[in-house]
Amino acid sequence: MRNKKLKVAKWEIKRNLQNKTFIISTFVTPAIFLFFLFIGSLVGGNDEPDMTEMGEAHQPIMKFQSTLQGMKKLLSHFRV
């Protein structure tokens, strides 16, 4: 049974390696993918938000952080 599977696999590999379309697509498809990935990284720019642009949207985060610090101080008094 295993011999038959290997024989079929070898036949498939030989058949596909003789096919020009298979060989071209094997190398061209990843090249196209990498090309668009590279172009996207150039066009995409910087994903990190600028803190000056955040304005009021940043204030709730600062309030939450100060609340967490206050809770840490409060809980530190109850540690045994």
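The values are calculated or read from the model by the stated rules, or taken from the named source; none is laboratory data. The model shown is predicted, which means the values in this text are computed figures rather than measured ones. Cβ: placed from backbone, ideal geometry, glycine included. Neighbour counts: every protein chain shown.
Listed here are the residues, each with its yes/no results for (1) at pLDDT 80 or above; (2) within 22 Å of the chain's Cα centre (by Cα); (3) surrounded by 10 or more Cβ atoms within 10 Å (Cβ to Cβ).
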residue	(1), (2), (3)
E12	yes, no, yes
F22	yes, no, yes
F33	yes, yes, yes
A57	no, no, no
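Confirm whether M1 is surrounded by 10 or more Cβ atoms within 10 Å (Cβ to Cβ) and at pLDDT below 80. In short, no.
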